[in-house]
Structures are given as C-alpha cells and as structure tokens.
Amino acid sequence: MDARSSAAPPRSGRSLHRFANPGRFLRLSGKVVPWLFWVGGLVTALGLIWGLLFAPDDWQQGATVRIMYVHVPFAWLASAGYFSLAASSFVSLVWRHPLADLAAVEIGPVGAGFTAVCLATGSLWGKPTWGAWWVWDARLTSVFVLFLLYLGHIALVRAFDDPTRGYRAGAILALVGVINLPVIKFSVDWWNTLHQPASIGLTGAPTIAASMLWPLLFSAIGFTLLFAAITVARLRAAVMERRIRSLLMAQASSASGEEVPA
Amino acid sequence: MTHLPYIVGAYVIAIGMPLVLSFEALFRVRSARRRLQAIDPRRDRGRA
C-alpha cells in the first residue's frame, strides 16, 4: 500500500469534501440559486392560484379547505427542514465538513419561519373548522415543540464566544431533537386528536381527490424549491462573511506585525 | 364565503414569510459580495 492511498479519506468523505471548497460552492450555488428562486416562485404561484381559484370546495369544510394549499406544504417543510438541519449537524460532527456547520446555522431561521407559518395557518384553519384558534392537541403540541427546538438551536449556536463550541452544542441539540419528528408524524395515529390523519402517504394511494391533490403537489414543490433557494442564498452569504472575517483578521494581524495563524 | 378573512389571512402569511426571507437573503448576499470585493478586489468570488 503506498503512502498516498493510506492517507486518502474514505470514499464517502472524499465525495463530501469535494463540495467543501468554498470557492467551488460559491461558483455552483451562484448558478443554481436564481433558477431555484424563479422556478420555485412560478410553481408556487401556479399551485396557489389553482388551489385558490379553480380547486373545488370541500363537501364538509366548504371554501376553508383552500387553507390546505398553504398549510400542508409548510407543515411538510417544517419537518423536512429540521431533518436537513439534523443531517447537516450529523455531517458536521462526524466529518467536520466546513460547510455543514454554516448550513445548520442558516437552515435554523428559515425552518423556524416556515414552522411559524405552519402554526399560524393551522390556527387560521382551526378557528372556523374547530371553533378554536388553538388546542393542546398531540399534533399541534409536537409541532410547537419543533418550533421551540428551532428557536433553541438558533439561540444555542450564537451563545458561545467560540463559534466551534456553539456549532457543536447546536449539532447535539439538533440530533436529540430528531426524536420529535416521528412523534409529529404519528401523533394523529397514536393519540386521539382533533387534527385529521394524513391523506397522503409514501405507501398507499392518497385519500384526497385528484382535483385537490394536484394543486397541493404544485404548491408543495414550489415552496420546497423556495425553501432551498433561501437556504442556499443564506449559506452563500455566510461563506462570504466568513471569508471577509478571515481577511480582516489577516489584515489586522499583518498591520500589527503579528504572525497570522494558519 | 364567511370564512374568506381566514383564507386571505393564511395566504398573506404564507406568501409574506418566504418573500421576507428571500429579500433578506438576497440583500445579505449582495452586501457580503460588495464587502468582499472591497477587501479582496482581485477575486470576484461572489459572482463566480
């Protein structure tokens, strides 16, 4: 075995670290982000106009069911966003991927915002349907806990003078909080809840009419692309800001005649 | 359509939040790119 092959990182590590180069990330994301914004905006607009103006009323809820076309995508993205936050944290802890820390930090506020919209639109749907803005129902409570986990992560990564310690503490919180995701998913099956069970699953046919399913899918895909666009744009800004900080520190050190740490 | 205010409210929040987050992200990218170019003018990293 030669020295080069013994020093090489494992295959998965190599493929991950190819994208760890900030310059390569900035080049690639600079091309992808505008497409994500434009396609995401168009698909979202199509889904929302379809859902608001052309989809049929529900036989029981009437026009109120149109809140579904905004509430459900945000509910999916609240959980999916947290999963991506936990995945970034895992990559950060295991492989020390330089962009994973920043990705986790930047996903947090976007996920918290989307979870807040999920809670607010759910409340606006609950009032005319259930007669209450809020109930401490298993699904609502577990999503509220998810919102608190996002807020906790945002606060924790910023609570340390040494950012590395903040990233590590935030990563551990994010991984512990993953336990809440199956609780959210199965809360409507495990407990008696006011919230309706899932109409769309990965296994089995959806129990929702196609005339409602299609605008919902368009809306969900559009908001997902927008979530990705916002997160990648924030990550671009964070990479550039880190570069600015290191350049300023290097300039300050050279001005004072000190040696710049590697 | 007695529930129209609830529907309109939900759509306004759902469209408003991604819009605010999008503009905030884009302004942050633009500001960071400008500052980076001012410090390190040899490399056009933001546009690359």
Exercise. Read through the list (1) at positive phi; (2) touching a His at 6+ places or on another chain (Cβ under 9 Å), then give the number of the only condition that A:ALA138 fails.
Key: (1)
Exercise. Those residues that are within 24 Å of A:THR64 (Cβ to Cβ) and of a type in the set (Ser, Thr, Tyr), I need them from the stretch B:11-39; list them, please.
Key: B:TYR11
Quiz prompt | Residue list for the stretch A:67-91, filter: more than 10 Å from chain B (Cβ to nearest Cβ) and either closer than 13 Å to A:PHE218 by Cα or of a type in the set (Phe, Trp, Tyr) (or both) | solution = A:VAL72, A:TRP76, A:TYR82, A:PHE83, A:PHE90
Quiz item: So, in the stretch B:7-48, of the ones that are part of a loop (DSSP other than H, G, I, E, B) and more than 7 Å from chain A (Cβ to nearest Cβ), which residue ends up modelled with the lowest pLDDT?
Solution: B:ASP44
Exercise. From (1) surrounded by fewer than 15 Cβ atoms within 10 Å (Cβ to Cβ); (2) free of Cβ contacts under 8 Å to residues at least 24 places away in the same chain, pick out the condition that doesn't hold for A:ILE244.
Key: (1)
Quiz item: Residues of the stretch A:122-139 being touching a Phe, Trp or Tyr at 6+ places or on another chain (Cβ under 7 Å) and within 17 Å of A:ASN192 (Cβ to Cβ), which ones?
Solution: A:GLY126, A:ALA138
Self-check item: Scope the stretch A:51-66; condition facing chain B (nearest Cβ under 9 Å), surrounded by fewer than 16 Cβ atoms within 10 Å (Cβ to Cβ) and touching a Ser or Thr at 6+ places or on another chain (Cβ under 7 Å); matching residues
Solution: A:GLN61
Practice problem: Report the residue count in the stretch A:237-257 for those that are polar (S, T, N, Q) and closer than 22 Å to B:ARG30 by Cα. | Solution: 1
Practice problem: Could you list, in sequence order, all residues of the stretch B:7-35 that are among the hydroxyl-bearing types (Ser, Thr, Tyr) and either loosely packed, with under 12 Cβ neighbours inside 10 Å or over 17 Å from A:ALA75 (Cβ atoms) (or both)? | Solution: B:SER22, B:SER31
Quiz prompt | Residue list for the stretch A:166-194, filter: within 16 Å of A:MET68 (Cβ to Cβ) and surrounded by fewer than 17 Cβ atoms within 10 Å (Cβ to Cβ) | solution = A:LEU194
Quiz item: So which pairs qualify, if the first residue must be in the stretch A:21-50 and facing chain B (nearest Cβ under 10 Å), the second must be hydroxyl-bearing (Ser, Thr, Tyr), the Cβ gap must be under 8 Å, and the two must be at least 6 apart or on different chains?
Solution: A:PHE37/B:SER22; A:GLY40/A:THR224; A:THR44/A:SER219; A:LEU48/A:TYR69; A:LEU48/A:SER219; A:LEU48/B:TYR11
Quiz item: In the stretch A:24-73, what residues are farther than 15 Å from A:ILE208 by Cα and of a type in the set (Lys, Arg)?
Solution: A:ARG24, A:ARG27, A:LYS31
Quiz item: Does the stretch A:120-131 contain at least one residue that is within 10 Å of chain B (Cβ to nearest Cβ), without any contact (Cβ under 8 Å) to a residue 60 or more places away in the chain and within 30 Å of A:ILE172 (Cβ to Cβ)?
Solution: yes
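The values are calculated or read from the model by the stated rules, or taken from the named source; none is laboratory data. Owing to the predicted nature of the structure, the values given are computational and were not obtained by experimental measurement. Because the Cβ atoms are built from the backbone with ideal geometry, glycine has one as well, and the counts that use them run over all protein chains shown.
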